Amino acid sequence: MTSVAPVILLAAEKESAEVTDWAARIGWVVGLGLFVALVYWLMREGWKWRSTLQSDLPELPTVPDEPGPARLTMSGRYHGSTTAGQWLDRIVAHGLGTRSRAELTLTDAGLDVVRPGAADFFVPAAALREARLDKGIAGKVLTEGGLLIVTWAHGDKLIDSGFRSDHAAEHNEWVETLNNMIDKTETEGAR
C-alpha cells in the first residue's frame, strides 16, 4: 500500500499543459510586421531625401549621334556612383544609385553605359579623369582590384562610378586604355 501513495501524490501535482495565448502571439507578429514596414519606409524616405539633396547635379549627357567605333566593350555589373574619393557617399540623383547589369562601350567620344532596367548614361571623353582598380564602392566590397572605378567630372562634381566585368581579367585593359585616352585628351587640351 505504500507504493500507491506516491503515485497518487505525483498524479495530483501534475498540471495540464499551458494553452497557447493566440491573441498575444498574433499581437507580436503584427507588431513585428509593423516595425519592419516602418524601417523599410524610413530607408525609402532616406533615399528620396538623398536624391533631393543631390538635385543640383545637372542632367546626364546623352550619347552623341556619331560616337565612333568601339575601342573596348564590356558586359558586367554597375555597382553605383559616389563622390570621388569618398567611397561611401553614394550619389542617387538621376538614377546613378541604382545597381544594374551594364554594357560599357568606350569610343573616342567617351564612355557609354547602357543599363537595362535603369537609366543609361554617357561620360564624354573630356570629362574622364582617371581609371583604377579598387576593392569597394558604397555597398559593395570585393577583393583588392575587384572593381573598375572610373572617375569623371559632371558639373562641378567629381564622380567615381564602379563596374565589375563578367570577366575580371578585362579590368586591367580598361584601366590602361582609359588612362591613355585621358592623357591624350589632356595633352591635346593643353595645346
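Using all alpha carbons of the stretch 27-110, what is the percent of pairwise distances in each 5 Å bin, ordered from the shortest bin to the longest?
3, 12, 13, 16, 16, 13, 9, 7, 4, 3, 2, 1, 0
Give me the accessible area of Arg129, 1.4 Å probe, in Å² rounded to the nearest 10.
In the full protein context, Arg129 sits at about 110 Å².
For the chain, report the accessible area per residue in Å² (1.4 Å probe, heavy atoms, rounded to an integer).
On a per-residue basis, the chain sits at 63 Å².
If I take all pairs of Cα atoms in the stretch 91-191, what percentage of them are more than 16 Å from each other?
Roughly 58 percent, once rounded to a whole number.
Rolling a 1.4 angstrom probe over the protein chains, ignoring ligands and nucleic acids, what is the accessible area of Val36 in square angstrom, nearest 10?
Using a 1.4 Å probe on the heavy atoms, I get roughly 90 Å².
Between Asp89, Asp112, Asp156, where does the largest GNM mean-square fluctuation fall for the chain, given springs only between Cα atoms within less than 10 Å?
Per the Cα network of the chain with a 10 Å cutoff, Asp156 tops the list.
With all protein chains present, how much of the accessible area of the stretch 30-158 (probe radius 1.4 Å) comes from carbon and sulfur, to the nearest whole percent?
On the stretch 30-158, the fraction of accessible area on carbon and sulfur atoms equals 59 percent.
Angle between the Cα long axis of helix 171-190 and the longest principal axis of the chain, 0 to 90 degrees, nearest 10?
Tilt of helix 171-190: around 40 degrees.
How do Leu142, Leu158, Leu147 rank by accessible surface area computed with a 1.4 Å probe, from largest to smallest?
Leu158, Leu142, Leu147
Please label the shape of the chain as rounded, prolate or oblate, based on the square roots a ≥ b ≥ c of the eigenvalues of the alpha-carbon gyration tensor (a/c under 1.5 means rounded; beyond that, a/b larger than b/c means prolate, else oblate).
Judged from the Cα gyration tensor, the chain comes out prolate (a/c at least 1.5, a/b above b/c).
Suppose R0 equals 45 Å; then what is the FRET efficiency for His167 and Tyr40 from their Cβ-Cβ distance, rounded to the nearest 0.05? Don't skip to the end; give the middle numbers.
Values: r = 36 Å, r/R0 = 0.79.
Result of the calculation: an efficiency of 0.80.
Taking the full set of protein chains and a 1.4 angstrom probe, give the accessible area of Met43 in square angstrom, rounded to the nearest 10.
Only protein atoms counted, so the area is about 130 Å².
Enter the angle in degrees (range 0 to 90, nearest 10) between the Cα long axis of helix 22-53 and the first principal axis of the Cα atoms of the chain, meaning the one along which they spread out most.
Taking the Cα atoms of the chain, the angle to 22-53 is about 10 degrees.
Straight-line reach from Lys184: which aspartates and glutamates have a Cα under 15 Å away, not including same-chain ones fewer than 8 places off?
Correct list for Lys184: Asp108, Glu130, Glu176.
The stretch 100-138 to the stretch 29-52: how many Å between their Cα centroids?
Taking the Cα centre of the stretch 29-52 as reference, the centre of the stretch 100-138 is 31 Å away.
The values are calculated or read from the model by the stated rules, or taken from the named source; none is laboratory data. Quick caveat, the model's predicted, so the values are computed rather than measured. Please note: Cβ atoms are built from the backbone with ideal geometry, for glycine as well, and neighbour counts cover all protein chains shown. Side chains are part of the model used for accessible areas, which takes the heavy atoms of the whole protein and leaves out ligands, DNA and RNA. Shrake-Rupley method; radii C 1.70, N 1.55, O 1.52, S 1.80 Å.
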